[in-house]
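Okay, so here's the structure we're looking at.
What follows draws every value from the coordinates through simple rules; no lab data is involved. Note that the coordinates shown come from a computational prediction; the quantities given were computed from them, not determined experimentally. Backbone-built Cβ (ideal geometry, glycine too); neighbour counts: all protein chains shown.
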Amino acid sequence: MRLKDKVSIITGAAQGIGLATARKFAREGAIVVICDMQPSGVQAAVAACEAEGARAVGYVLNVARRAEVDDMVAAVLAQFGRIDVLVNNAGITRDARLQSMTVEQFDAVIDVNLRGVFHCAQAVAGAMVAAGSGVILNASSVVGIYGNFGQTNYAAAKFGVIGFTKTWARELGPKGVRVNAVAPGFIETPIIASVPEKVIDQLKTQVPLRRLGQADEIANVYAFLASDEASYVNGAVLEVSGGMTV
Ligand SMILES: NC(=O)c1ccc[n+]([C@@H]2O[C@H](COP(=O)([O-])OP(=O)(O)OC[C@H]3O[C@@H](n4cnc5c(N)ncnc54)[C@H](O)[C@@H]3O)[C@@H](O)[C@H]2O)c1
């Protein structure tokens, strides 16, 4: 078990990559803290982790609301006494081309995908630095490296997350805290359910592996980066895209 007793907060863990990551962490022995906006999804994810034999607790919260994040972190510290891992996975899309994107669409994505990552990292950093150890993992995207049609807001946020990652790796590395980002390609989860089948087929042809990724294939990378096996990986942006950008 590579994450035995590591207290691991995973945001956006009610479905998709976050849920797969929570279950993987549970199988690796972690104490899993499920955070999401969907109350029934939080409950189900906690039950799924417990079914894997892990201790798990759930918090219904919006990462864009700082007070809710602070309350969760305080409660986790009160219950477990430390935080070993934060996976900043919660994310949304509100796609539109530059000329038709509304300010509301722009703000919604920046609030969750960028500001939410800042809130969670800042909330746990003190405890990690005090402990002299910890791991922060941020969800970027290939869109944050290369851009994407119709995703001005999302590309900006995911590019910003890479900036966070490199900055925090420099700031927190000397204190024993590693910070890395994962940049998935196109992964089969509810977030891409609205993408037309024709577009999905087209995307597959761009991937040398000729298929979309599965949530478990990202969860496995988070588990590696969270584990001591990645002890010299810091400030990295690990692309997990089946090679779609080579
Ligand atoms: N699926 C992909 O192809 C893909 C590719 C690259 C990056 N990503 C990134 O990976 C992460 C997970 O993606 P996914 O495909 O599993 O998405 P998803 O939509 O399936 O799941 C996202 C989860 O985040 C939760 N969430 C949304 N806003 C929240 C908020 N404000 N506070 C708390 N929870 C919130 C949702 O309720 C949901 O459970 C996202 O950051 C996404 O941008 C996904």
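Per-structure values
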read-out	value
For the chain, size of Cβ-based charge dipole, Lys and Arg +1, Asp and Glu -1, in debye	380
Inter-probe distance in nm under a simple model that places probes 7 Å from Cα toward Cβ, at Glu50 and Lys4	2.5
Residue-span extension gain [Gln202 to Arg66] - 0.36 nm each, minus C-alpha spacing	45.0 nm
Kirkwood hydrodynamic radius (C-alpha pairs) into Stokes-Einstein, the chain, 4 °C and 1.567 mPa s, D in µm²/s	72
The range 141-246, dipole about Cα centre (Lys/Arg Cβ +1, Asp/Glu Cβ -1), debye to the nearest 20	300
Hull shadow area, averaged, the range 8-143 [alpha-carbon convex hull, nm²]	8.5
Scaled radius of gyration (Cα, divided by 2.2 N^0.38 Å) that the range 189-246 gives	1.36
Efficiency of FRET between Val246 and Ala108 - r from beta-carbon atoms, R0 35 angstrom, step 0.05	0.60
